[in-house]
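For reference, the structure discussed in these notes is given below.
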């Protein structure tokens, strides 16, 4: 018996990285999963590789109609919605705020923050029809500790944490839990565009970058009944990176 036998899940950003690892684990544990991603060809390919328990959906998280249609597709195909992981995000360009193009600022906020609000809106409504559920949003340690030259991304992820708290309080009485994960350096294609892996590992107390499965393991715990009293929290999955920024005495 899997932890999610009989459950239906929806995962954004599900075609690659942390989202894909989460889709795989949910399916392994018995869930039916809709994999939403704007990378449509990759979503179809990976859904086929995982098996019939996973269906792809061509999702633009920054478009309300697309998100609404994805949730309707999930309900139509599998009968409802019990679980959701909102993992889709973009980084946008590195640079000082004054140097960023307005279109890039708008795009990052639209996908990373407005898009999460759209997901929560339609996921919560579907879960109320189902009688309850659990949601995990993927933020970032940059949302817990603002990161210069990554300011819009950082601010968008801080907003995701705030939306998580609000949604948890608003929907807890209806049996819907909403929690958040803030990954540190994770070995995904997004990391390639940002920093050197060796440097990232050296900055982490665990002395390793995370891998997508690290995030999936925590996400599925938060979705499961093992976490039935966990609501409105943000869990850093960062190998101690946040704690490691405490100042160490000289000589140690």
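Quick look at the values:
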| read-out | value |
| --- | --- |
| Residue within the stretch 113-127 that is touching a strand residue (DSSP E or B) at 6+ places or on another chain (Cβ under 6 Å), assigned to a strand (DSSP E or B) and farther than 28 Å from residue 238 by Cα present | no |
| Residue among 21, 47 that is surrounded by 22 or more Cβ atoms within 10 Å (Cβ to Cβ), more than 21 Å from residue 181 (Cβ to Cβ) and either at pLDDT 95 or above or out of contact with any strand residue (DSSP E or B) (no Cβ under 8 Å at 6 or more places or on another chain) (or both) | 47 |
| Helices (runs of 4 or more DSSP H) wholly inside the stretch 140-218 containing at least 3 residues that are touching a residue at least 60 places away in the same chain (Cβ under 8 Å) and either more than 28 Å from residue 105 (Cα to Cα) or under 15 Å from the mean Cα position of the chain (by Cα) (or both) | 151-171 |
| The listed residue being within 22 Å of residue 156 (Cβ to Cβ) and within 20 Å of the chain's Cα centre (by Cα), out of 43, 47, 87 | 87 |
| Odd one out for residue 92 among (1) buried (at least 17 other Cβ atoms within 10 Å of the Cβ); (2) over 15 Å from residue 36 (Cα atoms); (3) modelled with pLDDT of 95 or more | (3) |
| Hey, residue 26 buried (at least 24 other Cβ atoms within 10 Å of the Cβ), in contact (Cβ under 8 Å) with a residue 12 or more places away in the chain, within 16 Å of residue 84 (Cα to Cα) and out of contact with any helix residue (DSSP H, G or I) (no Cβ under 6 Å at 6 or more places or on another chain) or not | yes |
| Some residue of the stretch 61-77 being modelled with pLDDT of 95 or more and farther than 24 Å from residue 163 by Cβ | yes |
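The values are calculated or read from the model by the stated rules, or taken from the named source; none is laboratory data. Note that the structure is predicted; figures quoted are calculated from it, not measured. Virtual Cβ from ideal backbone geometry, glycine too; neighbours counted across all protein chains shown.
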